[in-house]
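As structure tokens, the structure follows; a few thoughts come after it.
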Amino acid sequence: MKSMEKWFWLIGAMMLALYFGGQAWGESKRQRDLENFAGWKLDHIAEPSALASTMPAIQTDLRIDSESTELEPGNRSTVAHGLAEIPVAVLRIPRLSLEVPVGTGTDESVLLHGAGWIDGTASPGSVGNVGIAAHRDSFFRSLKDVAVGDLIELESLNGTDRYRVAELSIVEPSEVGVLADSGAAELTLVTCYPFYFVGHAPQRFIVRAVATGFRS
């Protein structure tokens, strides 16, 4: 009996070590991505076409149906620049002390160390509905405390766009209308819900924000 108990303790300790090791790696990669983005931006002149020229073509068939990828399709890595992967944007919510790099697509390799720009939505730095997703148990955990009126900043090569949170909602994974483009400058953040849930969370938490100022 004591031998079995020791094995349980050992397995538990190994699982904790893997979890915290993964968290530490993700945080380290987040910091490197933020530094890479800042350095890359300094090397480029902010022109309207600067970001678009680095973006791959997007798809328009969107589905919200996966815990591991948050949204499908979207399985592409961040934009490659030399030997480093450079985020396409940096998302900040000052009140929540949230600062996270935004990669291209929503596959696991992107979401392990940041947020992901959702395929088929407006690209960061352009007018339209920009969709961004991240995991509820990591970079978007703080969205549980977001409130209507909070300021959101989205920095891209084209400048920094500012948004105010206008609406919070909880939807089913099939309700992809939240990503529809009305033609206005909007930002939609997506993560799984409930925030504290064992296993695949059944719903999605949506933060809709509207632009207050562009190109600062």
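The values are calculated or read from the model by the stated rules, or taken from the named source; none is laboratory data. What you see is a predicted model, and the numbers here were worked out from it, not measured in a lab. For neighbour counting, all protein chains shown are included, and Cβ atoms are generated from backbone atoms with ideal geometry for every residue, glycine included. Side chains included, ligands, DNA and RNA excluded: accessible areas come from the protein's heavy atoms. Shrake-Rupley method; radii C 1.70, N 1.55, O 1.52, S 1.80 Å.
How much FRET efficiency would the formula 1/(1 + (r/R0)^6) give for residue 174 and residue 196, where r is the Cβ-Cβ distance and R0 is 41 Å, rounded to 0.05? The computed FRET efficiency comes out at 0.95.
Rolling a 1.4 Å probe across the protein heavy atoms gives segment 96-143 an accessible surface of 21 Å² per residue.
What fraction of the Cα pairs in segment 97-173, stated in percent, has a spacing above 15 angstrom?
On the way: 1770 of 2926 pairs.
Result for the distance tail: 60 percent.
Estimated from the Cβ-Cβ distance and a Förster radius of 22 angstrom, the FRET efficiency linking residue 164 and residue 127 is about 0.85.
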